[in-house]
Each structure stands twice: as structure tokens, then as C-alpha cells.
Amino acid sequence: MKSIAIGVAAAALLALPSHAAVYAHYSFDTDYTDDSGNGRDATLVDTGTIGDSGITTTAGDYVFGGGAMNFSAERDYLDVAMATFSSGSAYTISFWAQKTEGDTGGAADWDMVIGDRGNTNFFIGLNDTTGAGFRWRSSSSAAERQAEFTVAKDYDWHLYTLVASGTTITLYVDGVLVGSDSGNSTGFQYNTIGEAYPSTNDFDFHGQIDELWVFDEALDETAVSNLYNYNSVIPEPSCLLLGAAGLVLTARRRR
């Protein structure tokens, strides 16, 4: 009987889609290491009050694992080597974010999650009060290089997953499709997490970011849903339980 169960389990795993190509992954459980093994580690640049940004292990301030990246309101950021995706190439950028309430008024409405801090383009940002709430920008603010999506403007944890494929930008929130914007020049680059858009204004991220994934391919809806539930593009083998009733998936999300 045991051999039958093992055989069924193996067949179930083989039927699942293969892992997506991970370009970088920051779990932020204990440090700023790229957990993908690709060596794209980040370095904290802590300006102003030293020590007010860093890994937090406070319950409620992380989603998976044991920690998340906490950013103060002093334009602290994580420096990473420049990553570039050409227009038309496929990529996915996914992250959990929880904004801190109170940063409203003018530029403080914008919390930049990831982008290029060297210019006013190439960013993914969230807005507290104005506009649609989520903006992706490529090399300019022209219509074919910028997409906005209507999202909840609250201070709860949400998983934002942006997928670029061909000329289309698609956004999922908490594993659910929000919408797509087609006809875009989808090139993107980033060298910073928690900051972008150089300015004297306050465009830094204030709050927590957890489990930031970058894939060099376009995830499908199933993989995005799995990221939300399991922090993996497929349910991990340890999450698969075989019983008389069949296959049961056990979520491991901590919120």
C-alpha cells in the first residue's frame, strides 16, 4: 500500500508545472541576500537615523518566513546591481507590501517599491490617495510606456504581481487578476528596492516589503495564485498530503 501512495504522489508532482526561471528572490527573513542563488544580493543604504530601517521580525510585519524589510520615512533603500529587461521580453515582479499610514499630501503619497533611482522613469509605485493606486513606468510617461491599475488604497498586506509579456502589462493583487494594459513598450530596469525617482520630494517606501520575487518569464494565473498561497510557483512537496479523499493542499501563508 505504501508503494502505491508514493507512486500516486510522484505522479501528482510530475503533473504540476515546472518552476519558473527565478532571476532574484529576497525573502528578507534575516538579511538582504538573494535567495535564488544568482548572487544578486542587496545592500542597505541607511540615511539619516542609523538603524531605523532593516529586517523586522515583529509579528504582523511579515507574511512568510520570519521577517520582512522595514523601511522608515528617511529615504533609506536597498542597493542592487542594475537589472535590465528589454522591451518585449517576458518578466514578472512580485512582492508583498504593507504601507505605513500617515504619509499623505503631495509627493509623500507615492511609495516607490522598486526601480531606477538614477532617473524619473523605470519604477513600480503605490499611491495612498490620488490616481489609480498602482503605477508601472518604463522609459517615459508616454501612454505606451506607463500603465496604471485601480487597487485598494489601504494599509493592509497585499501581494502585487506584475507580469510583462509581449506588449502587455498585467497586474494581479492577492492572486486575483486586476487587469491588463496592452500596446506597451515593456522594457524595465531597476537598481533599487524601496526607492526610485530622484527628487527632493519624498518618494521612498514607508512600511514593510516581504518576499520580493523577480522572474525572467511571464507567470500564468496558476503560478501567481500559488505565489499568493504558498510563496512558490507550485505547491511545495511538503504541502502535498495524500489521503483517502485525494490530494489536499495545505497553505503556509502567515498573516
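The numbers here are math on the coordinates, done by the rules we state, and not lab data. In this text the structure is predicted, and so the values were computed from the model without any measurement. No Cβ is skipped: glycine too gets one built from the backbone with ideal geometry, and neighbour counts run over all protein chains shown.
How long is the gain from residue 130 to residue 167 if the chain were fully straight, where each residue apart is worth 0.36 nm and the alpha carbon distance is subtracted?
Working: separation 37, 0.36 × 37 = 13.32 nm, distance 2.64 nm.
Working it through step by step, the gained length comes to 10.7 nm.
Ranked by Cβ crowding within 10 angstrom, fewest neighbours first, how are 228, 190 ordered? Could the numbers behind the result be given before it?
Numbers: 228 20, 190 23.
Sorted ascending by nearby Cβ count, the order is 228, 190.
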For the pair residue 119 and residue 89, the simple spin-label estimate (label points 7 Å beyond Cα toward Cβ) gives in nm 1.6 nm
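Can you sort 230, 91 from fewest to most other Cβ atoms within 10 Å of each residue's own Cβ? Let's see the in-between values first.
Details: 230 18, 91 22.
Least to most surrounded, the residues fall as 230, 91.
Quick one: order 210, 216 by neighbouring beta-carbon count within 10 Å, fewest to most.
Ranked by crowding around the Cβ, least crowded first: 216, 210.
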